[in-house]
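Read-outs: derived from the displayed coordinates by stated rules, not from any lab. Since the model is a prediction, treat every value here as computed from it, not as a measurement. Please note: Cβ atoms are built from the backbone with ideal geometry, for glycine as well, and neighbour counts cover all protein chains shown.
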Amino acid sequence: MERVLNKGNRIMEQLTQKIKKLTPINSSEAIQLITSMIDTQSMFIPLHEDTLLNALSIQGEYLALKLKYEEFDNELKYETLKYKISQSLSVIVSYEEDGKSFSKIEKFVNYIHKFSDSKQNSIFGIKKVDKLSEFPITILFSGILPINQLRMNVGKKIYELIHSDDEYFKPKFQAFRDQLSQEIGIPILPLFPLLDENLKDMEVTLIDLFDGRLISRFETILEVDNNLIDIYLNKLIYIYKRLASKKCYNSL
């Protein structure tokens with residue numbers, strides 16, 4: 001037992017030092033927030049120190065958020081978490097359960113799973129409490145790489161096409177990401193295209209979420225059918241390869 005405790009203390013110290021290194025400003029707040037996700041004594045489904053340490057050891061930035069269960073309805077409307085998930089190689093969530101919150105937890109778990117990719121690590125823990133705190137959900141997003149911090153806006157006809165046949169397009173896009181990830185050596189996560197009615201029907205734009213700059217704008221005048229997507233995917237391969245070759249991405 002003593003050996004186990006010593007190991008846990010050692011990993012906790014490593015976790016604390018990792019947070020300090022990643023968060024030189026307000027590190028004490030970050031340490032308190034992230035380590036509060038660990039409470040093995042009262043957890044129905046525990047999260048451990050090494051799980052959080054491994055998540056923060058993935059190359060890239062991290063983001064930690066605290067939420068209320070009532071914010072789920074806002075998420076369905078604004079989809080803030082959906083796009084955070086699409087940027088993160090690891091998503092770890094700690095939930096509080098007071099005997100009345102299981103259905104709310106289930107909604108969040110299913111929602112996060114719905115938008116998670118096979119290249120991502122998605123783990124959750126549940127902490128048993130007598131009374132919920134002000135923010136009973138803590139989420140740690142990590143492995144946030146610049147090349148996955150993109151937003152794709154599409155015109156109406158392209159948007160309608162890619163949502164017209166999930167059985168065809170979902171595996172096609174998965175195969176595309178797998179191929180691209182292998183070619184550039186960086187895990188590429190899903191983009192969830194947004195309908196932009198200000199664009200032409202066949203137009204696509206890529207925006208850098210970090211600084212809001214336009215990375216690329218392209219369109220085609222060809223007939224709308226499933227094969228048309230190959231033209232757009234080939235353009236995306238070229239763009240991603242150029243991004244990956246830039247110095248800011250070579251360091252990943």
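Tabulated data
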quantity	calculated
Residue 121 long-range amide H proximity, modeled H, under 5 Å	90, 91
Where labels lie 7 Å past Cα in the beta-carbon direction, separation of residue 135 and residue 121 in nm	2.3 nm
Qualifying trypsin sites (Lys or Arg not before Pro) for the stretch 121-184 [loop in DSSP, other Cβ within 10 Å: at most 11]	131
With Cα atoms, 0 to 90° folded angle of helix 166-184 axis to the chain main axis	80 degrees
Stokes-Einstein diffusion coefficient of the stretch 2-144, Kirkwood radius over Cα pairs, 25 °C, 0.890 mPa s, in µm²/s	157 µm²/s
Cα-derived Rg to Rh of the chain, Kirkwood definition	1.02
Contour excess over end-to-end distance, with Cα ends at residue 165 and residue 98 and 0.36 nm allotted per residue	20.0 nm
Rg(Cα)/(2.2 N^0.38 Å) for the stretch 147-250, N = residue count	1.05
Phi-based couplings in Hz for the stretch 73-80 (Karplus 6.51, -1.76, 1.60; Gly and Pro marked x)	4, 5, 5, 4, 8, 9, 6, 5
Inter-probe distance in nm under a simple model that places probes 7 Å from Cα toward Cβ, at residue 107 and residue 237	4.3 nm
Per-residue ³J(HN,Hα) for the stretch 99-109, Karplus 6.51 cos²θ - 1.76 cosθ + 1.60, θ = phi - 60°, Hz, x for Gly and Pro	x, 10, 10, 4, 5, 5, 4, 4, 4, 5, 4
Cross-link pairs 156/241; 84/119; 172/235; 18/246; 82/246 - those with Cα-Cα distance over 18 Å	156/241; 18/246; 82/246
